Amino acid sequence: MEEMRNRIEKMFGQTTGWIYDNRLKALFGLFLFVAVILSNLPKLTIDTSTEGFLHADDPALVDYYDFRQQFGRDEMILVAIKPPDLFNVKFLQKLKSLHNEFENNVPYLDDITSMVNARNTLGKESELIVEDLLENFPETEEDLKSLRKKVMSNPFYKNLLVSEDGAFTTIVIKTHGFADETESTEDALEGFEEEESPGPPPKGDRSRPSLTDTQNNAVVDAVREIAKKYDTADFMITIAGSPVVTRTLKASMMSDMRKFMVMAILIISLLLFITFRRVSAVVFSLAIVILSVLSTIGLMAAFGVPIKLPTQIIPSFLMAVCVGDAVHILAIFYYRIENGENKRDAIIWTVEHSGIAILMTSVTTAAGLGSFSTAEVAPIADLGMFAAFGVMLGFIYTVVLLPALISLFPVEKGTKDHHRERSSTLDRLLIGVADISTTYAKSVVAIFLVILVIAGAFASTVYFSHNPLVWFPEDSEIRIATERIDKNMKGSTTLEVIIDTGKENGLYDPAILKKIDGLAVELTGAQIGKVLVGKTIAITDILKETNRALNENRPEYYKTPDNRKLIAQEFLLFENSGSDDMEDFSDSQFTKARFTIKTGWLDAIVYGKFMTHIESRFREVFGQEAKISATGLIALLGRTLSAAIHSAAKSYVIAGFVITVMMMLLVGSVRMGAIAMIPNFFPIIFIIGIMGLKGTPLDMFTMLIGSIAIGMAVDDTVHFMHNFRKYFAKTGNVATAVRETLLTTGRAMIVTTIVLSSGFFIFMFATMKNLFNFGLLTGITIICALLADFFLAPALMKLVYHKDD
């Protein structure tokens with residue numbers, strides 16, 4: 001093992017010498033490599049959609065895609081309006097004007113529904129008429145009273161278009177589910193030849209592109225711009241719905257990414273200059289980290305992987321992480337330069353001495369990140385894969401670009417006196433740490449053990465969460481709007497249940513329809529756990545309206561008929577009335593029925609139990625008569641959380657195992673490798689304990705901390721163990737070996753910890769709470785890792801080697 005290590009070190013030295021002597025060739029080759037990768041940057045896309053959290057072949061997403069193929073998009077924009085009086089001519093005229101402007105100017109519009117064009121089903125002389133609610137616009141007080149009575153007594157309008165107390169009304173905007181639906185259909189009726197219908201697409205067919213983020217943004221922006229013109233004290237407008245949440249998430253993400261990049265560059269530059277007092281250190285390091293970031297983003301673009309909410313941290317993360325390799329090289333390089341060595345010998349010796357260590361730290365960090373590459377949550381898998389690539393690219397750029405730049409540009413020389421003056425205080429601190437950790441080894445280990453036990457107790461109280469809405473500040477417009485609509489309209493999101501009878505015209509069966517209607521009555525207004533069902537919408541609403549209309553509009557006939565032929569006849573009459581509402585609730589063969597359950601926007605952990613109850617209840621009612629499946633936004637949120645929980649557990653195990661094996665290989669001993677990992681597991685348990693104490697949940701971001709932290713925390717341990725073994729072999733004394741280790745590599749460990757933790761503390765300036773928590777907790781974890789390596793690792797070495805000391 002030792003012979004192999006020596007060979008690798010020699011290889012690093014020889015390669016560095018060649019790069020130094022052939023700097024232009026090395027730089028040209030690197031330039032071509034980088035240019036090829038960066039040429040893909042224009043292809044980069046952004047995806048903040050809910051479905052973007054899952055892989056394309058995830059069963060939940062396949063079912064959701066099939067649902068959208070059949071019934072269109074379930075995500076809606078809700079525009080709620082609160083006037084002094086809902087049934088006022090002036091208000092209704094303004095509502096109609098707003099409705100028409102939305103209809104004429106909002107792009108990618110599939111459907112728009114409000115009191116203006118709400119379905120009004122009635123019978124006149126045995127004729128079924130389905131017209132717009134305000135087709136005959138009210139003019140007199142009598143007309144307004146009649147309208148009020150009609151609206152407030154219609155169960156279909158309640159909590160969909162009008163609040164229970166009549167204080168709010170909504171305009172429901174539904175966009176196309178697919179980008180190809182937005183194309184012009186002006187020539188759709190050209191010619192008279194009929195073609196055989198191709199039939200429904202195969203299950204899971206993803207050939208039709210969904211609306212892009214840019215298209216969704218255009219819809220939301222148009223709605224907001226139009227609404228702004230009408231929003232007054234007597235016409236108060238509130239806009240919510242998942243497309244608006246998605247748009248707001250993207251705006252926050254883009255703003256935060258720009259802010260983080262600028263802050264990361266400034267902070268890294270400042271810290272590097274304070275540490276090294278050289279412009280060259282800043283320039284060389286920034287060149288490496290910026291190339292690493294751009295190359296990683298370029299790789300994502302090349303593979304068609306969009307930037308998503310979790311992967312937005314990649315640029316700032318890589319800037320903080322990749323600078324670590326450069327810091328370790330530059331710290332030793334400048335030290336040797338200050339002692340009079342020439343540039344060539346100094347950089348060759350430095351890379352030869354530290355090459356293995358920074359390679360191992362890069363590999364362990366990449367391994368920690370790579371543990372996410374098999375995650376069931378798509379952006380987490382993307383983060384694991386491409387951030388790991390980025391870390392390894394950072395290593396390559398460090399060992400190739402740094403020697404070439406040092407060879408090409410002049411390096412400012414310091415003085416020994418200046419170096420000693422700046423180092424004396426730090427030296428005394430490091431010597432003190434070494435003495436305490438080795439002199440009081442048992443006490444140090446005992447203190448860490450007590451902290452570990454306490455943290456473990458609090459860690460057991462941590463819970464999982466996935467609720468994008470609460471990522472926003474409490475006073476954010478979208479959060480206030482969503483909560484207001486949830487309160488007054490009893491929900492802003494839906495669970496979709498598909499009832500598949502498995503046979504053509506299966507929905508003509510009176511027994512099936514009565515069961516659907518019974519469930520609608522049972523669930524409407526029901527409190528299931530923490531979920532309140534605000535409204536249900538089903539095909540039976542259309543049937544009951546039609547049945548009542550064909551029976552002289554008498555209220556007692558607002559029910560489903562008992563006769564199969566009569567049901568078929570009433571469905572046919574409704575379809576021939578000119579309304580296309582039937583296609584929203586059934587397929588053309590009357591095989592499948594859509595059952596929409598409207599609820600408030602809640603945490604996905606709550607939705608899991610709710611979905612289980614709903615599916616169980618539907619299966620209990622229908623038995624073998626129909627196949628039941630649940631989909632929609634709520635189903636996607638629930639699946640995302642369950643996938644995240646499973647992925648987090650798996651990634652923690654993978655990261656811990658792989659990195660432990662690597663540590664064993666590095667130190668050449670299973671026993672010592674296992675002991676060396678103790679300081680790396682401590683900060684993870686400690687920070688999860690802090691989360692339990694603060695009540696901070698494990699969400700899509702905070703659950704990344706463990707695997708990321710262990711990958712980075714082990715970096716300092718690798719450097720510590722690498723140098724400790726050398727000095728212990730030379731001196732045979734643990735205290736001396738620890739002291740020499742901290743006096744050499746300890747400085748770089750402090751600098752990298754400051755840079756890394758600062759890089760994550762940047763996220764505390766995010767507009768979203770989840771990023772704030774992620775940055776704060778990861779930064780603290782990195783600092784805890786340094787403390788564990790400064791105190792716990794030396795103490796453990798003292799206890800292990802006390803017989804040889």
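The values are calculated or read from the model by the stated rules, or taken from the named source; none is laboratory data. Only a predicted model underlies this, so the values are computations on that prediction, with no experimental measurement involved. Every residue, glycine among them, receives a Cβ derived from its backbone with ideal geometry; neighbour counts consider all protein chains shown. For accessibility, only protein heavy atoms count, side chains too; no ligands or nucleic acids. Shrake-Rupley method; radii C 1.70, N 1.55, O 1.52, S 1.80 Å.
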Relative contact order in percent for the chain (Cα pairs under 8 Å, 6+ apart) equals 19
Kindly write out, for region 165-173 in residue order, the coupling ³J(HN,Hα) from the Karplus curve 6.51 cos²θ - 1.76 cosθ + 1.60 (θ = phi - 60°), rounded to whole Hz, with x marking Gly and Pro.
8, x, 8, 10, 9, 10, 10, 9, 10
Ellipticity estimate at 222 nm from DSSP helix runs (n ≥ 4, -39,500 (n - 2.57)) divided over the chain, nearest 500:
-21000 deg cm²/dmol
Cα centroid separation - region 489-516 against region 442-472, whole Å
46
What ranking do 393-399, 121-127 get when scored by the average of other Cβ atoms within 10 Å per residue, highest first?
393-399, 121-127
Among all lysine pairs in region 674-805 that are eight or more places apart or on different chains, how many have alpha carbons less than 29 angstrom apart?
5
List every residue whose amide H lies under 5 Å from the amide H of Ile528, counting only residues 5 or more places away in sequence or on a different chain, with H placed 1.01 Å from N in the peptide plane.
Val533
If packing is taken as the mean number of other Cβ atoms within 10 Å per residue, what is the order of 621-629, 261-269, highest first?
261-269, 621-629
Sort 96-104, 157-165, 734-742 by packing, meaning the average of other beta carbons within 10 Å per residue, with the highest value first.
734-742, 157-165, 96-104
Structure shown: which of Lys530/Lys627; Lys149/Lys503; Lys490/Lys627 lie over 30 Å apart, alpha-carbon to alpha-carbon?
Lys149/Lys503
How many Å² of accessible area per residue for the chain, probe 1.4 Å?
42
Using θ = phi - 60° and Karplus 6.51 cos²θ - 1.76 cosθ + 1.60, couplings along region 103-120 (whole Hz; Gly, Pro as x)
4, 8, 10, 7, x, 6, 7, 9, 7, 9, 10, 8, 4, 5, 10, 4, 5, 10
So what's the angle, to the nearest 10 degrees on a 0 to 90 scale, between helix 213-230 and the longest Cα principal axis of the chain?
60
Hz values of 3J(HN,Hα) by residue in region 232-241 - Karplus curve (6.51, -1.76, 1.60), Gly and Pro given as x:
9, 4, 9, 8, 6, 10, 10, 10, 8, x
Fraction of accessible area attributable to carbon and sulfur, the chain (%, probe 1.4 Å):
59
Could you tell me the center-to-center distance, by alpha carbons, between region 248-263 and region 1-66 in angstrom?
24
Förster radius 56 Å - calculated FRET efficiency between Ala167 and Leu799 (Cβ-Cβ, nearest 0.05)
0.20
